[in-house]
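Working notes, structure below.
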Amino acid sequence: MRSIGEYLRLYFMIEAQYIKGRMQYRADFIISSIGMFFSSLATLGIFWVIFESVPDLAGWSLMEMVFIYAFYMIAISPMQILFDHAWQLRFHIQQGTFLKYYFRPLNMMFYYMSEIFDLKGLTQLAVGIVLLVYASLQLNLDWTLIRIALLFITLFSAALVQISIVVIASCASFWVLDSYPVLGLAWKLREFSPYPMTIFDGAFRFAFTFIIPIGFVSFYPSQLFLRPQDVSSLIYFSPVIGIGLFALTYWVWTKGVNSYTGTGS
Amino acid sequence: MRGYLAVMRGSFMVSVVYRFGFLFTILGNIIYLSVAFFLWKSIYRSSDTIRGLTFNETFIYVGLGSAIFILLKTYVDWILNFEIREGAIASYLIKPIDFGLYTLFASFGSLLMNLAAITIPTLIMLIFVFKVEFVLGPGLIIFPLSLFMAFLVSFYIDYFVGLLGFHSESVWGLSTVKEIIVTVFSGALIPLHFFPEALQKVLLWLPFQAIYHTPLMMITRPDQSWNIFLPMLFVQIFWVVILFIATRLFYNQAIKVLRISGG
């Protein structure tokens, strides 16, 4: 077993090489970043259009929605930047190139995911941070040290939830012919997380809280900062949910890896 | 012509192989419809009509929008880019077929499959689960034709972006920008009525509204006169012609820069 420190060192070495390689394609980096920038702003545009017609959404103002959305953008960035290779898992499995990941004395999930460091995701992270700062200034939020610590803890948990949902969905390709629809569904679900969970009725709110907990990606933790007075105690479980879900994901991944028999070619 | 029909049949059959995926796409649509339902319910909490549309009309627009969204997404840009990068495109170029028509018929095949497997189930769900009531009127007669034109507009925009792959390797960025522009400015997510007046005027001059807004208007407010529907259809036809010519010219020019290394 290698230590975490060793893995971190290794990770920086791998990504430094990767980034050097990618920088050969500077135009691609710029165009992709512009694409990411636009896609980050699209939902914001939708909020803006909706708020042209109504003053609030289930009691939440435009600026509060911007905060929730900014939190969401930051929370999904680690998935985009560090786990983007999950999208290619189905190709590697179908074409048999997945076999190579068995042949190194490294943790397989680490080795596999380290192969891509998605640079365009940095744009998303940057947009998220700028929006978060902007919204908190507009809303006059009071950032005490404890709140800032809470922000980091909840963001970490939210990022784990998001990573888990996408990686579990991509693992479907170990068992089915094409996991794209499963991934597509997971991806689509992600888009609903910046909406106030209070607009949903019983069954959906339950599902988005306990079954596919996208509520924990953004809405529930944001409440902690926007309206601390009426936050439900559920939110204090968010690290448990994040870590628990990631552990489950890792278990599914290991199952998949052990059941994979290659393509025979 | 028979050859192209065979291509269409082929791509239809390929889609059938992936039928497992349809379950997930339909499931995704059910969830999307429900989320949209709750979202618009809460937007309509304070008033019965917003921008001249009732909740029912808006929900038909958005719900049907999601049903035909899957129909009109051709993924041609991604497929073409893959074929250019891998060099697989060479095998089409040496065949006695027209590449543009070949691609069109191939995506028409998967459109038929999506129509049967996704759009029709979604429609049934809209009627029976969400109890959406459709209004009758001349718009419904013209709707299928308008939908077909919308498909052509969507196809030629995707095809155009796909052809950019001859010049640039970074189709991810280009396709993403295109996708956002199309989904936001076509009315696929929010009816164009909700946009500020000035922006609406600009959007009506662009080709994107011909993809979702036009057919969706014909089905949500079919009880209007032909004087409204016919010009809308002509605008769609206008864009099909313009985009068809533009992609032809662009293809003839782009094919010259194609270099395929090795085999």
Within the stretch B:161-244, list the chymotrypsin sites (Phe, Trp or Tyr not before Pro) lying in a DSSP loop whose Cβ has at most 10 other Cβ atoms in a 10 Å radius.
-> B:Trp205
Rounded to whole Å and sorted largest first, what semi-axes of the equivalent ellipsoid does the C-alpha gyration tensor of the stretch A:81-142 yield via the square root of 5 times each eigenvalue?
-> 38, 12, 8
How big is the gap, in Å, between the Cα center of the stretch B:75-134 and the Cα center of the stretch A:57-91?
-> 29 Å
When the scattering of the stretch A:4-259 is computed by the Debye formula from its Cα atoms alone, each counted once and equally, what is log10 I(q)/I(0) at q = 0.14, 0.15 Å⁻¹?
-> -1.03, -1.17
For residues of B:22-34, the mean tally of beta carbons on other chains within 10 Å = 4
Between exposed trypsin sites (Lys or Arg not before Pro) in chain B, where DSSP calls loop and at most 16 other Cβ atoms lie within 10 Å, what's the longest gap?
-> B:132-258
Taking the Cα centre of chain A as the origin and placing charges on Cβ (Lys, Arg +1; Asp, Glu -1), which of A:Thr209, A:Ala186, A:Leu132 is farthest toward the positive end of the dipole?
-> A:Ala186
Of the convex hull enclosing the alpha-carbon atoms of the protein assembly as shown, the direction-averaged projected area in nm² is 26.5 nm²
Return the Cα extents of the stretch B:125-242 along principal axes one, two and three, sorted largest first, each rounded to a whole Å.
-> 48, 33, 29
Computed for the stretch B:2-256: size of charge dipole around the Cα centre, +1 on C-beta of each Lys and Arg, -1 on C-beta of each Asp and Glu, debye to nearest 20, value 200 debye
Set the Förster distance to 41 Å, then compute FRET efficiency between B:Gln224 and B:Leu258 from the Cβ-Cβ distance, nearest 0.05.
-> 0.30
Give, in nm to one decimal, the length gained when the segment between B:Val14 and B:Leu206 is fully stretched (0.36 nm per residue of separation minus the Cα-Cα distance).
-> 65.7 nm
Peptide-level mean, for A:180-186, of C-beta atoms on other protein chains within 10 Å | 5
Before rounding to the nearest 500, sum -39500 (n - 2.57) across all DSSP H runs of length at least 4 in chain A and divide by the residue total; then give [θ] at 222 nm in deg cm²/dmol.
-> -21500 deg cm²/dmol
Lys and Arg at +1, Asp and Glu at -1: neighbours of A:Phe225 with Cβ under 11 Å from its Cβ sum to 0
Using only helices, what value at 222 nm comes out for chain B when you add -39,500 (n - 2.57) per DSSP H run of length 4 or more and divide by the total residues, to the nearest 500 deg cm²/dmol?
-> -23000 deg cm²/dmol
Answer with one residue from A:Ser259, A:Leu226, A:Phe200: the one whose Cα lies farthest towards the positive end of the charge dipole of chain A, charges on Cβ with Lys, Arg +1 and Asp, Glu -1.
-> A:Ser259
Please get the size of the charge dipole for chain A, origin at its Cα centre, with Cβ charges of +1 on Lys and Arg and -1 on Asp and Glu, quoted in debye to the nearest 20.
-> 780 debye
Kindly count the pairs of lysines across the protein assembly as shown whose alpha carbons are less than 22 Å apart, treating pairs on different chains or eight or more residues apart as eligible.
-> 11
Charges only on Cβ, +1 for Lys and Arg, -1 for Asp and Glu: so what's the dipole of the stretch B:1-64 about the Cα centre, in debye to the nearest 20?
-> 240 debye
Could you put A:His92, B:His213 in order, starting from the residue whose Cβ has the fewest other Cβ atoms within 10 Å?
-> A:His92, B:His213
Which value results for Rg/Rh of the stretch B:2-256 when Rg is the Cα radius of gyration and Rh the Kirkwood radius based on the inverse mean 1/r?
-> 0.98
Give the Cα extents of the stretch B:8-134 along the principal axes, in whole Å, largest first.
-> 62, 29, 23
Ranked on Cβ counts within 10 Å of their own Cβ, fewest leading, B:Thr122, B:Thr25, B:Thr54 go B:Thr54, B:Thr25, B:Thr122
Distance between modelled label sites at A:Arg26 and B:Phe130, nm, 7 Å Cα→Cβ extension | 4.8 nm
What average number of partner chain Cβ atoms lie no more than 10 Å from the Cβ of the residues making up B:37-46?
-> 6
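A short reminder: the numbers here are calculations on the coordinates, not readings from a lab. Since the structure is predicted, the reported quantities are computational estimates derived from the model, not experimental observations. Using ideal geometry, Cβ is built from the backbone for each residue, glycine included, and neighbour counts are taken over all protein chains shown.
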